[in-house]
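Trainee: If you scroll down you'll find the structure; I have some questions about it.
The values are calculated or read from the model by the stated rules, or taken from the named source; none is laboratory data. Quick caveat, the model's predicted, so the values are computed rather than measured. FYI the Cβ positions are ideal-geometry reconstructions off the backbone, even for glycines, and counts take in every protein chain you see.
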Amino acid sequence: MEVGEYEHEGDVIREYRERAELAIDTIAEVSGVDAERLRRIEDGEVAATMAELRKLSGYLRVDLPTYDPEGDAPPDELPPLKTLLRAAEQYASRSAWPTILECAEVAHSIVMLEQWLELPNRFEQLRRRFLPSEEFEPKPHVVAKALARKVRADLALGNEPVPSVREVSRRLGIAVIETWSLPAGIAALALADAYHGPTVVLNGQASDSILVERYTLAHELCHVLFDRHKLAPWTTLDPPQFFASHKPLAEVRADAFGIHFLAPEERVRAMWTDSDDRPEERIREIIEVFGVSKTASISAALNWNLIDADRARRLSDIDPTPTASLEDTERDATANEAFDAIPRERRGRLLRLTLRARAEGVIGRSKAIELLDVDGETFDANVDRWRQLVAPESTEP
């Protein structure tokens with residue numbers, strides 16, 4: 001079938017589904033569109049809803065909602081979704097795809113709202129501010145330390161503790177999207193291109209510790225700032241085998257960057273003395289001062305030869321809990337129950353920008369409802385309260 005010969009939207013859906021080598025039952029399973037209804041859509045018996053077109057677009061990688069089958073041009077192709085996956089034992093199985101694409105859609109919606117509001121282009125700003133780094137030698141840990149120093153210098157942090165990695169992300173123009181719908185084995189995703197903007201997706205199911213979340217976010221900052229040229233495309237619904245044989249150097253370097261960024265080695269060494277026989281107190285001090293987990297603190301002390309392996313194994317009686325003030329500074333305001341009606345992925349920056357765009361008349365009520373994925377009654381009943389509770393949009397870059 002030649003371009004322009006589509007009789008209805010079902011023809012183009014069938015063509016691009018077959019190009020992607022996806023069976024109807026498979027795409028129905030992952031997209032949530034009923035298989036029998038999808039068959040009827042492809043046969044032209046019923047028209048797809050806008051919500052169904054958006055869901056299918058993510059898997060077919062073409063922009064169906066804006067496509068006119070009566071025109072003489074093919075549908076616009078969507079850029080490939082690229083990411084570096086920080087996963088433990090579980091890779092992104094089919095069940096994870098709906099959430100991954102949902103978060104990617106949110107990331108793009110943020111970019112679109114920024115364009116409509118005539119805000120600075122975060123990706124272009126980041127591209128000019130931080131050059132990708134190909135350096136991994138002589139050792140990834142050495143390079144990671146230099147990169148962490150570079151970011152700290154850019155932010156004028158010196159060797160001081162980082163009160164909030166979320167705030168640092170905001171200052172760097174990196175959007176943070178939270179989800180509780182990914183498998184626990186996926187800690188986070190990094191997205192960084194003009195279509196999705198610089199974005200980190202944090203999985204709340206991966207850990208119940210704010211300290212681990214801080215470290216994960218710091219790890220992903222390294223990917224967005226310095227590894228964005230290495231982001232790998234997702235071209236299949238099968239699990240990507242990133243760690244099939246060994247841990248990539250980009251992951252090793254990002255791990256090391258995380259600890260160097262949160263707890264600069266020089267500052268930690270200053271807390272120690274050659275004759276210090278109280279490593280338990282020093283480790284607890286690292287936890288309290290720098291907001292680093294007990295495991296990461298011990299690992300850093302071991303790697304920096306502040307303790308030996310035998311002493312590290314005997315460090316068990318250490319309180320691993322973070323300070324209460326750290327919990328407060330790292331939690332997004334939209335985590336409270338006032339925002340429960342909004343899907344977790346659509347809070348944060350998307351919510352703030354949506355409310356601002358609606359207040360300024362840039363978007364209408366129906367678009368705001370679509371972006372927040374709530375019904376009209378819920379939106380009308382809560383919009384004024386949401387505006388009062390979220391941080392002023394002027395604080396956004």
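Trainee: Which of the following residues is on the phi < 0 side of the Ramachandran plot and without any contact (Cβ under 8 Å) to a residue 40 or more places away in the chain: 310, 332? Give the derivation first.
Mentor: Details: 332 fails: without any contact (Cβ under 8 Å) to a residue 40 or more places away in the chain.
Only one candidate qualifies: 310.
Trainee: Can you find, within the range 275-291, the residue that is surrounded by the most Cβ atoms within 10 Å (Cβ to Cβ) among those that are in contact with a helix residue (DSSP H, G or I) (Cβ under 7 Å, 6 or more places away or on another chain) and under 30 Å from residue 390 (Cα atoms)?
Mentor: Filtering first and then ranking leaves 291.
Trainee: Also, I was wondering about something else. Report, ordered by the first and then the second residue, all pairs with beta carbons closer than 7 Å, sequence separation of six or more or different chains, a first member in the range 42-53 that is assigned by TED's automatic domain parsing to the domain that holds residue 66, and a second member that is hydrophobic (A, V, I, L, M, F, W, C).
Mentor: 42/13; 48/41; 52/33; 53/64
Trainee: Could you check residue 332 against (1) touching a Leu at 6+ places or on another chain (Cβ under 7 Å); (2) under 30 Å from residue 174 (Cα atoms) and say which number it fails?
Mentor: Result: residue 332 fails condition (1) only.
Every residue, every condition in (1) surrounded by fewer than 19 Cβ atoms within 10 Å (Cβ to Cβ); (2) under 30 Å from residue 380 (Cα atoms), yes or no:
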site: 260; (1), (2): no, no
site: 273; (1), (2): yes, no
site: 293; (1), (2): no, no
site: 299; (1), (2): yes, no
site: 310; (1), (2): yes, no
site: 315; (1), (2): yes, no
site: 325; (1), (2): yes, no
site: 334; (1), (2): no, yes
site: 360; (1), (2): yes, yes
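Trainee: In the range 106-156, which residue that is among the polar types (S, T, N, Q) and farther than 21 Å from residue 219 by Cα is farthest from the chain's Cα centre (by Cα)?
Mentor: Looking at residues that are among the polar types (S, T, N, Q) and farther than 21 Å from residue 219 by Cα, I get 115.
Trainee: So, of the residues in the range 348-375 that are hydrophobic (A, V, I, L, M, F, W, C), touching a helix residue (DSSP H, G or I) at 6+ places or on another chain (Cβ under 7 Å) and assigned to a loop (DSSP other than H, G, I, E, B), which turns out to be nearest to residue 117 (Cα to Cα)?
Mentor: Only one residue fits best here, namely 362.
Trainee: Okay, moving on. Just to check your reading of the model, which residue among 218, 256 is outside any loop (DSSP other than H, G, I, E, B), touching a Pro at 6+ places or on another chain (Cβ under 9 Å) and either at pLDDT below 90 or within 13 Å of residue 296 (Cα to Cα) (or both)?
Mentor: Working: 218 fails: touching a Pro at 6+ places or on another chain (Cβ under 9 Å).
256 is the lone residue from the list that is outside any loop (DSSP other than H, G, I, E, B), touching a Pro at 6+ places or on another chain (Cβ under 9 Å) and either at pLDDT below 90 or within 13 Å of residue 296 (Cα to Cα) (or both).
Trainee: Still on this structure, I have one more. How many residues are modelled with pLDDT under 80 and closer than 27 Å to residue 63 by Cα when one looks only at the range 92-140?
Mentor: Residues that pass the stated criteria total 4.
Trainee: Can you tell me which of 12, 3, 46 is more than 26 Å from residue 186 (Cβ to Cβ), of a type in the set (Val, Ile, Thr) and at pLDDT below 85?
Mentor: Result: 3 is the single residue among 12, 3, 46 that is more than 26 Å from residue 186 (Cβ to Cβ), of a type in the set (Val, Ile, Thr) and at pLDDT below 85.
Trainee: Let me ask another. Restricted to the range 56-80, and to residues that are in contact (Cβ under 8 Å) with a residue 40 or more places away in the chain and in a helix (DSSP H, G or I), which residue is nearest to residue 109 (Cα to Cα)?
Mentor: Filtering first and then ranking leaves 58.
Trainee: Also: What about residue 345, is it of a type in the set (D, E, K, R), in a helix (DSSP H, G or I) and either at pLDDT 95 or above or in contact with a Cys (Cβ under 8 Å, 6 or more places away or on another chain) (or both)? Break it down into steps so the answer makes sense when it comes.
Mentor: Numbers: of a type in the set (D, E, K, R): yes; in a helix (DSSP H, G or I): yes; either at pLDDT 95 or above or in contact with a Cys (Cβ under 8 Å, 6 or more places away or on another chain) (or both): yes.
Yes; evaluated as a whole, the condition is true for this residue.
Trainee: Is it the case that residue 65 is surrounded by fewer than 21 Cβ atoms within 10 Å (Cβ to Cβ) and either at pLDDT 90 or above or under 30 Å from residue 12 (Cβ atoms) (or both)?
Mentor: Values: surrounded by fewer than 21 Cβ atoms within 10 Å (Cβ to Cβ): yes; either at pLDDT 90 or above or under 30 Å from residue 12 (Cβ atoms) (or both): yes.
Spelling it out, residue 65 is indeed surrounded by fewer than 21 Cβ atoms within 10 Å (Cβ to Cβ) and either at pLDDT 90 or above or under 30 Å from residue 12 (Cβ atoms) (or both).
Trainee: Can you name the residue in the range 168-189 that is assigned to a strand (DSSP E or B) and of a type in the set (Val, Ile, Thr) and is also surrounded by the fewest Cβ atoms within 10 Å (Cβ to Cβ) among such residues?
Mentor: Filtering the range 168-189 for residues that are assigned to a strand (DSSP E or B) and of a type in the set (Val, Ile, Thr), the one surrounded by the fewest Cβ atoms within 10 Å (Cβ to Cβ) comes out as 176.
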